[in-house]
C-alpha cells in the first residue's frame, strides 16, 4: 500500500532526510509513504533470490543491493525499486555511490523489478516513462494480484508479469501469465514462470 504525504520537498532534501528510510520514495516532490504487505515482500524476495541464483550460475558481474535509491536527474523524483540489478563495473562512475547507495546513471542499471501495489498507476505509467528516459534496458512489472488497469493487463484482469525491453528510447512490452516462461534479454537462460512466482506467496 502506498500513500501520499502532503509535503513538498526537493530531491536533495529527500535524500538527506529519508535516504536511509526505506518507507518512503519521492515522486515530483511529493513524499510517498510505502507500506508493502507481507505478500508483496514475498514476491519481491522470491524474484530477487531467483535472479541472484542466475547471477551466480552464469558468473555475471552484477549485484542486487539490499537497498538502493534511484535519483532521476532532471526531475524531483527518487524511486526505491523492489529489486534492482546493477552492473558492478559501472559503479565507479556513480558520483554518490561511495557515500550512499544512490544510483543516478542509467548505464549502472541492468534490470528493475517493481511489484505492483495498490497505487499501480505509478508502476505501469510514471515509472515506465522515467525508467525509459533513464535508459534502463529491462523493467519488470510483477502484478501478482492482477490489479493493474485493463489497458495494461487486458480483460479479464488476471495476475500478469509485464517485461518491458528498451528499444532505442521506448519500451516494447510483453505479457506473461500462468505457465509462460519469462523472456529476458538480461537473463536469457532464466527458466521462470509467473505460476512459480505466485506459488511462493501465502495469501
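The values are calculated or read from the model by the stated rules, or taken from the named source; none is laboratory data. Keep in mind it's a predicted model, so treat the numbers as computed, not measured. All Cβ positions, glycine included, derive from the backbone under ideal geometry; neighbour counts span all protein chains shown.
The figures follow:
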{"quantity": "Single unsatisfied condition, residue 141 versus (1) farther than 17 Å from residue 26 by Cα; (2) out of contact with any helix residue (DSSP H, G or I) (no Cβ under 9 Å at 6 or more places or on another chain)", "calculated": "(2)"}
{"quantity": "Yes/no for residue 171 being buried (at least 22 other Cβ atoms within 10 Å of the Cβ), in contact with a helix residue (DSSP H, G or I) (Cβ under 6 Å, 6 or more places away or on another chain) and in a strand (DSSP E or B)", "calculated": "no"}
{"quantity": "Where a residue in the range 112-128 is without any contact (Cβ under 8 Å) to a residue 60 or more places away in the chain and its partner, wherever it lies, is surrounded by fewer than 18 Cβ atoms within 10 Å (Cβ to Cβ), with Cβ under 6 Å and at least six apart", "calculated": "120/147"}
{"quantity": "Residues of the range 148-168 satisfying the condition of being loosely packed, with under 15 Cβ neighbours inside 10 Å and under 22 Å from residue 36 (Cα atoms)", "calculated": "149, 158"}
{"quantity": "Per-region count, the range 174-191, residues buried (at least 16 other Cβ atoms within 10 Å of the Cβ) and out of contact with any strand residue (DSSP E or B) (no Cβ under 9 Å at 6 or more places or on another chain)", "calculated": "1"}
{"quantity": "Strands (runs of 3 or more DSSP E) wholly inside the range 45-122 containing at least 3 residues that are more than 25 Å from residue 183 (Cβ to Cβ) and either at pLDDT 95 or above or in contact with a strand residue (DSSP E or B) (Cβ under 8 Å, 6 or more places away or on another chain) (or both)", "calculated": "69-72"}
{"quantity": "Flag for residue 136 being part of a loop (DSSP other than H, G, I, E, B), touching a strand residue (DSSP E or B) at 6+ places or on another chain (Cβ under 7 Å) and farther than 25 Å from residue 202 by Cβ", "calculated": "yes"}
{"quantity": "Enumeration of residues in the range 84-111 that are within 20 Å of residue 34 (Cα to Cα) and touching a residue at least 40 places away in the same chain (Cβ under 8 Å)", "calculated": "102"}
{"quantity": "Residues (farther than 17 Å from residue 114 by Cβ and either buried (at least 17 other Cβ atoms within 10 Å of the Cβ) or in contact (Cβ under 8 Å) with a residue 60 or more places away in the chain (or both)) located in the range 58-72", "calculated": "58, 62"}
